[in-house]
Amino acid sequence: MKGNIEERACALAAYIIENRATVRAAAKKFDVSKSTVHKDLRDRLPALNPALYAQVREVLDENKAERHIRGGIATRKKYKGV
């Protein structure tokens with residue numbers, strides 16, 4: 001889905017909201033870079049659909065607040081051999 005930028009931005013937002021997904025997971029699902037996801041959601045989406053942007057912003061802020069915990073869990077798994 002690299003064609004229409006507006007459609008991609010709305011689809012990315014809907015995916016992140018429905019699945020409470022991270023930017024990295026959304027980028028992998030839509031086969032685009034993390035930078036593209038950020039550009040679509042932070043810069044383009046507010047002009048296209050402010051209500052959708054407000055919803056996706058909540059999920060992104062939540063993920064940002066939790067990322068240090070996820071990093072610690074990943075490090076623990078790495079060194080425990082799980």
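Here, each number is a calculation from the coordinates, and none is a lab measurement. Here the structure is a predicted model, which is why all the values come from computation and not from measurement. Methodologically, a virtual Cβ is constructed for each residue, glycine included, from the backbone with ideal geometry; neighbour enumeration extends over all protein chains shown.
Overview of values
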read-out	value
Among the candidates Leu41, Leu60, Leu48, residue that is within 12 Å of Leu12 (Cβ to Cβ), more than 15 Å from the chain's Cα centre (by Cα) and not polar (S, T, N, Q)	Leu48
Any chance Val32 is surrounded by 12 or more Cβ atoms within 10 Å (Cβ to Cβ), of a type in the set (A, V, I, L, M, F, W, C) and more than 11 Å from the chain's Cα centre (by Cα)	yes
Residues of region 44-61 satisfying the condition of being of a type outside the set (Gly, Ala, Ser) and farther than 15 Å from Ala25 by Cα	Arg44, Leu45, Pro46, Leu48, Asn49, Pro50, Leu52, Tyr53, Gln55, Arg57, Glu58, Asp61
Elements of type helices (runs of 4 or more DSSP H) contained in region 1-61, each with 3 or more residues being over 23 Å from Gly71 (Cβ atoms)	5-19, 45-48
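Yes or no, residue by residue, for (1) touching a strand residue (DSSP E or B) at 6+ places or on another chain (Cβ under 8 Å); (2) free of Cβ contacts under 8 Å to residues at least 40 places away in the same chain; (3) among the acidic types (Asp, Glu); (4) surrounded by 12 or more Cβ atoms within 10 Å (Cβ to Cβ):
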site: Thr36; (1), (2), (3), (4): no, yes, no, yes
site: Ala51; (1), (2), (3), (4): no, yes, no, no
site: Val56; (1), (2), (3), (4): no, no, no, yes
site: Lys64; (1), (2), (3), (4): no, yes, no, no
